[in-house]
Amino acid sequence: MQATLDELGPSPPWRVAGSARALDDPWLRVRVDRCVTLAGDEVSPYYVLEYPDWVHIVAIDEADRILVTRQYRHARQRAFVELPGGAVDPADASPMAAAQRELREETGHAGGEWCAAGRLAVNPATHTNLVHCFVVRGSSPVTAPKHSPSEQISSTFVTVNRLYELIDSGDFGQALHVATLFLALRRR
């Protein structure tokens, strides 16, 4: 008979017997841990990626369409349709402030009614960061987007059905963006 989630109980953390820094960059820190499991087995090296937290924004207009961006993603060597979002900067007062800044920078939109839709562990096996998910209704274009030199971003509104098609085709293919969309659509 299979145990229920409640019967599984807590899972204590591994003991970290040693740790070293392999990379220390403002956008990414790589930690190399020497871990010991509860059974006493050593797991080494265990690489931990320390990114800043991220934000994703589901901006919904009066026609119930969702604002998406398209930008090139070098690791996959192609452009993806995505939700607006980015990293929480140290100067941001909160994840919501970061989301508002990112929406303005990437799309030129601001204002509207904001609410938190949830937060997700990016990849708890190897990443320390979270993605904070927000929904905004009624934002409007107030300024020209401000892209960094590495960004070439365009944006437009699409229907939810069109987003489903983009998911099916792989064009809206970032797993965390699909998860954020799910959280937002649950609250519609």
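The values are calculated or read from the model by the stated rules, or taken from the named source; none is laboratory data. None of these values were measured; they are calculated from a predicted model. Note that each Cβ is placed from the backbone with ideal geometry, even for glycine, and that neighbours are counted across all protein chains shown.
Every residue, every condition in (1) under 25 Å from Gln174 (Cβ atoms); (2) in contact with a strand residue (DSSP E or B) (Cβ under 9 Å, 6 or more places away or on another chain), yes or no:
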position	(1), (2)
Ala3	no, no
Gly9	no, no
Leu38	no, yes
Pro45	no, yes
Ala63	yes, yes
Leu67	yes, yes
Arg76	yes, no
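What do you reckon, is Val81 β-branched (Val, Ile, Thr), under 20 Å from Gly170 (Cβ atoms) and under 16 Å from the mean Cα position of the chain (by Cα)? When the stated conditions are applied, Val81 passes them.
Between Thr143, Thr156, the distinction of being part of a loop (DSSP other than H, G, I, E, B), in the same structural domain as Leu181 (by TED's automatic domain parsing), touching a residue at least 12 places away in the same chain (Cβ under 8 Å) and of a type in the set (S, T, N, Q) belongs to Thr143 only.
Would you be able to say whether some residue in the range 123-134 is within 22 Å of Glu62 (Cβ to Cβ) and surrounded by 15 or more Cβ atoms within 10 Å (Cβ to Cβ)? Yes, some residue in the range 123-134 is within 22 Å of Glu62 (Cβ to Cβ) and surrounded by 15 or more Cβ atoms within 10 Å (Cβ to Cβ). Taking the range 42-120 and the strands (runs of 3 or more DSSP E) fully enclosed by it, the elements with 3 or more residues that are surrounded by fewer than 17 Cβ atoms within 10 Å (Cβ to Cβ) are at 42-50, 66-73. Of the listed requirements (1) closer than 30 Å to Gly170 by Cβ; (2) surrounded by 15 or more Cβ atoms within 10 Å (Cβ to Cβ); (3) among the aromatic types (Phe, Trp, Tyr), Trp14 misses just one: (1).
Table: residues versus (1) farther than 27 Å from His177 by Cβ; (2) in contact with a Leu (Cβ under 7 Å, 6 or more places away or on another chain); (3) modelled with pLDDT under 95; (4) not assigned by TED's automatic domain parsing to the domain that holds Phe182.
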| residue | (1), (2), (3), (4) |
| --- | --- |
| Pro13 | yes, no, yes, yes |
| Ala17 | yes, no, no, yes |
| Arg29 | no, yes, no, yes |
| Asp33 | yes, no, no, yes |
| Leu67 | no, no, no, no |
